[in-house]
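Scroll down for the structure; my scribbles are underneath it.
The values are calculated or read from the model by the stated rules, or taken from the named source; none is laboratory data. Worth saying up front: this structure is predicted, and the values here are computed from it rather than measured. For neighbour counting, all protein chains shown are included, and Cβ atoms are generated from backbone atoms with ideal geometry for every residue, glycine included. Just so you know, the surface numbers come from the protein's heavy atoms only, side chains and all, with ligands and any DNA or RNA stripped out. Shrake-Rupley method; radii C 1.70, N 1.55, O 1.52, S 1.80 Å.
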Amino acid sequence: RSPVSFASISRLSTASDKIPASQPARLPNLIGGDFVDSNAKDWIDVINPATQEVVSQVPLTTKDEFKAAIESAKKAFPQWRSTPVTTRQRIMFKLQELIRSNMDKLALNITTEQGKTLKDAQGDVFRGLEVVEHACGMASLQMGEYVANVANGIDTYSIREPLGVCAGICPFNFPAMIPLWMFPIAVTCGNTFVLKPSEKDPGAAMILAELAMEAGLPKGVLNIVHGTNDVVNNICDDEDIKAISFVGSNTAGMHIYSRAAAKGKRVQSNMGAKNHAVVLPDANVDATLNSLVAAGFGAAGQRCMALSTAVFVGGSEPWEDELVKRARKLKISAGIEPDTDLGPVITKQAKDRICRLIQSGIDSGARVVLDGRDVVVPKYENGNFVGPTILADVSSDMECYNEEIFGPVLLLMKAETLEEAIDIVNRNKYGNGASIFTTSGVSARKFHTDIEAGQVGINVPIPVPLPFFSFTGAKASFAGDLNFYGKAGVQFFTQIKTITQQWKDSPSQGVSLAMPTSQ
Ligand code: NAD
């Protein structure tokens, strides 16, 4: 079987049904501006989760190929860092235009490989596109500071310089947005980049890289290596990589954080979540129900910002019938089908794990309000579908509560007071996001002051912040100190250099060995 070039894959990705199942396309790496076929012995199937068809195959990149990618990023760095920031910005202007005009192609690829609905896939691309738009203003974002005359005839200024070669390691759930959280900021700051897409759905990252080069990104500035643990460990250990952006599970994230930090690298590691909604009895009923259903079951619960637990002050019973009614109306099918609300989950193993956690909740005393485990989807009987599931009377000692389920499962809990609800949320190990639904400003203010979470929603089901703010995370949901995009994102991909200059025309005052001060 001969490897095919990425250009042909990219055409095929708009019509994956044309790939004969017996001969899936093999994805190349991107090294030094060329899509290079891999010599890997082992390949991983990229599987359409609605049909089980093999869409393509990704290589377990060899050590030599990995080294070649790093070398090309290293080689491209000196010229790229001295390219004017306005030139770098113009490439981002062009990239945002190309992403817009390729939106449908990107969305179709995401739906095919990841499973989410086409509309949701467009949202995935759009939320990444906004980061590219933000990077178009890098000249202002990266500006330094200046204080004149800190001492007689002496000025101090600071500049933010790129780090060198940086790397990004991506999860499966946002195949376009997460790569776009990473490389546009990194490269527009003047770094070069090595991206490792999720092996489960690498197609969108490949299309984005192709567009970035069409936009004018010079050869070697963006590279792609595929694979799993070995290539990730190579990234952690490599002496030339200065910083790693990671998004994914806690197991991988903490491993990468500690292994890379031991090599002196900066790491920003966004990890798992168990996001809570706290619902007060005075909340707007219709808006709250719609938010819980949308954020509980959207993308089949495979969003790190999904609302997976609702804590009702006063108990969930008055809300349950209406929640079930709205959840039952959702259409479960392949993301490609019109009007689908919920697509499949990513793998058979993910489905089994979700079903196991639902059962463990039931076994430990949770009450089933809606059970989506036995859903059968006509035309897609082989898909990894789980229907919306609601468990009530959940308590904080249950496994289904302590584990991130990452499926369309909403847990209902009870608290007597707002204080107790906040306490429940704060005792959970994760701290990605939390929302309150209330018409009381006093309660909302108490909530946002006392809650331990990165993203806080007030009558909003935890929003992903726009790129001029930062996406953050508290407790086990984040490791590192500089968050993704916003001011912190630029700080992550740059280091400060502080320059003190003296241009004096006064006569020499002789040698003084005392500590210089500005007194
Ligand atoms: P994952 O951790 O399985 O995979 C993420 C990346 O790490 C992949 O590229 C994978 O190849 C690599 N990887 C996995 N295991 C590894 C190991 N043992 N050693 C080295 N590398 C390894 O995550 P996923 O299942 O793709 O994504 C889902 C997770 O991502 C969820 O936990 C979700 O909450 C989280 N997530 C978090 C955010 C956030 O911003 N906090 C956003 C999206 C997703």
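What to note about this one:
- Flag if Pro465 is within 16 Å of the ligand (Cβ to nearest atom) and surrounded by fewer than 21 Cβ atoms within 10 Å (Cβ to Cβ): yes
- Condition met for Val409 (β-branched (Val, Ile, Thr), modelled with pLDDT of 95 or more and either surrounded by fewer than 22 Cβ atoms within 10 Å (Cβ to Cβ) or more than 16 Å from the ligand (Cβ to nearest atom) (or both)): no
- Residue check, Asn384 surrounded by 20 or more Cβ atoms within 10 Å (Cβ to Cβ), more than 18 Å from the chain's Cα centre (by Cα) and within 15 Å of the ligand (Cβ to nearest atom): yes
- Thr192 being at pLDDT 95 or above and near the ligand (Cβ under 9 Å from one of its atoms): no
- Which numbered condition Asp450 fails, given (1) touching a Pro at 6+ places or on another chain (Cβ under 7 Å); (2) closer than 20 Å to Thr417 by Cβ: (1)
- Scanning segment 339-360 for residues that are away from the ligand (no atom under 16 Å from the Cβ) and either open to solvent by less than 40 Å² (accessible area, probe 1.4 Å) or closer than 21 Å to Ile47 by Cα (or both) returns Thr340, Asp341, Leu342, Cys355, Ile358, Ser360.
- Asp321 fulfils the conditions (1) farther than 23 Å from Gly272 by Cα; (2) crowded, with 17+ Cβ neighbours inside 10 Å except for a single criterion, (2).
- Pick from segment 307-318, criterion open to solvent by less than 10 Å² (accessible area, probe 1.4 Å) and in a loop (DSSP other than H, G, I, E, B), ranking: farthest from the ligand (Cβ to nearest atom): Gly315
- Just so you know, in segment 235-253 the residues that are touching a residue at least 40 places away in the same chain (Cβ under 8 Å) and within 10 Å of the ligand (Cβ to nearest atom) include one that is nearest to Ile31 (Cα to Cα), and it is Ile235.
- Positions within segment 160-184 being more than 8 Å from the ligand (Cβ to nearest atom) and β-branched (Val, Ile, Thr), in sequence order: Val165
- Selection count where residues are more than 13 Å from the ligand (Cβ to nearest atom), among the hydrophobic types (A, V, I, L, M, F, W, C) and open to solvent by 70 Å² or more (accessible area, probe 1.4 Å), scope segment 254-270: 1
- Considering the conditions (1) open to solvent by 40 Å² or more (accessible area, probe 1.4 Å); (2) free of Cβ contacts under 8 Å to residues at least 60 places away in the same chain; (3) under 17 Å from Met206 (Cα atoms), Met103 is excluded by exactly one of them, (1).
- If you go through segment 207-234 and pick out every residue that is within 16 Å of the ligand (Cβ to nearest atom), surrounded by 21 or more Cβ atoms within 10 Å (Cβ to Cβ) and either under 20 Å from the mean Cα position of the chain (by Cα) or modelled with pLDDT under 95 (or both), you end up with 9.
- Residue match in segment 127-136 (condition: of a type outside the set (Lys, Arg), within 16 Å of the ligand (Cβ to nearest atom), open to solvent by less than 20 Å² (accessible area, probe 1.4 Å) and part of a loop (DSSP other than H, G, I, E, B)): no
- Screening Lys242, Lys274 for residues that are touching an Asp or Glu at 6+ places or on another chain (Cβ under 6 Å) and either modelled with pLDDT of 95 or more or not β-branched (Val, Ile, Thr) (or both) leaves exactly one candidate, Lys274.
- Those residues of segment 271-293 which are crowded, with 23+ Cβ neighbours inside 10 Å and within 12 Å of the ligand (Cβ to nearest atom), in sequence order: Met271, Ala273, Lys274, Asn275
- Number of the condition not met by Ala148 [criteria: (1) in contact with a Ser or Thr (Cβ under 8 Å, 6 or more places away or on another chain); (2) part of a strand (DSSP E or B)]: (1)
- Condition broken by Arg427, with the remaining ones in (1) buried (at least 21 other Cβ atoms within 10 Å of the Cβ); (2) closer than 26 Å to Val369 by Cα; (3) modelled with pLDDT of 95 or more; (4) not aromatic (Phe, Trp, Tyr) satisfied: (1)
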